Amino acid sequence: MKLTVFHDGQYWVGVLEEQFQGKLRAAKYIFGTEPKDEEILQFVCRDMMQIVSGLSQGVAVKPSEAKRINPKRLARRAAEEMRNKGVSSYAQEAIRLELEKRKRERRALTKQQLLAKLERKRELKIKKAKEKHRGR
């Protein structure tokens, strides 16, 4: 699991990336103003797992080979990642898929509510017509 915090020009954003069973799942969390270390720690301890557990869409990634890395090279890679403020394209793809899924679910729910409302109006109209027909 990886959390990347960066400034996107307007807000401070945290991108969560979780690689599980060959799929990368990602979520975006907006901190707003520059977060303090305590806020990030509180987010990691309290909210992060809830957000990650809600993710269902993932992007297939090829597994990286686990082999021993020279400590100096590892330190260079860590420094490079600290300088690098972007998000991986796999994470962007996973976020996009998750947003599209939520959008489809929201559209389906809205359509169901609209159909239920129209059906209720139709029932009331039929009931009113029957009452008029009976002379009430």
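Structure notes:
- The residues of segment 9-25 that are modelled with pLDDT under 85 and among the hydrophobic types (A, V, I, L, M, F, W, C), listed by number, are Phe20, Leu24.
- Condition check for Leu3: under 21 Å from Ser56 (Cβ atoms), touching a residue at least 24 places away in the same chain (Cβ under 8 Å), of a type in the set (A, V, I, L, M) and open to solvent by 50 Å² or more (accessible area, probe 1.4 Å): yes
- Taken together, the residues in segment 117-134 that are under 41 Å from the mean Cα position of the chain (by Cα) and charged (D, E, K, R) amount to 6.
- Of all residues in segment 16-51 being touching a Leu at 6+ places or on another chain (Cβ under 6 Å) and of a type in the set (A, V, I, L, M), the one that is farthest from Glu100 (Cα to Cα): Leu16
- Matching residues in segment 1-35 - criterion: being out of contact with any Lys or Arg (no Cβ under 7 Å at 6 or more places or on another chain) and of a type in the set (A, V, I, L, M, F, W, C): Met1, Leu3, Val5, Trp12, Leu16, Phe20, Leu24, Ala26, Ala27, Ile30, Phe31
The values are calculated or read from the model by the stated rules, or taken from the named source; none is laboratory data. In this text the structure is predicted, and so the values were computed from the model without any measurement. Don't worry about glycine lacking a Cβ; one is built from the backbone with ideal geometry, like all the others, and counts go over all protein chains shown. Keep in mind that these areas ignore ligands, DNA and RNA; they rest on the heavy atoms of the full protein, side chains included. Shrake-Rupley method; radii C 1.70, N 1.55, O 1.52, S 1.80 Å.
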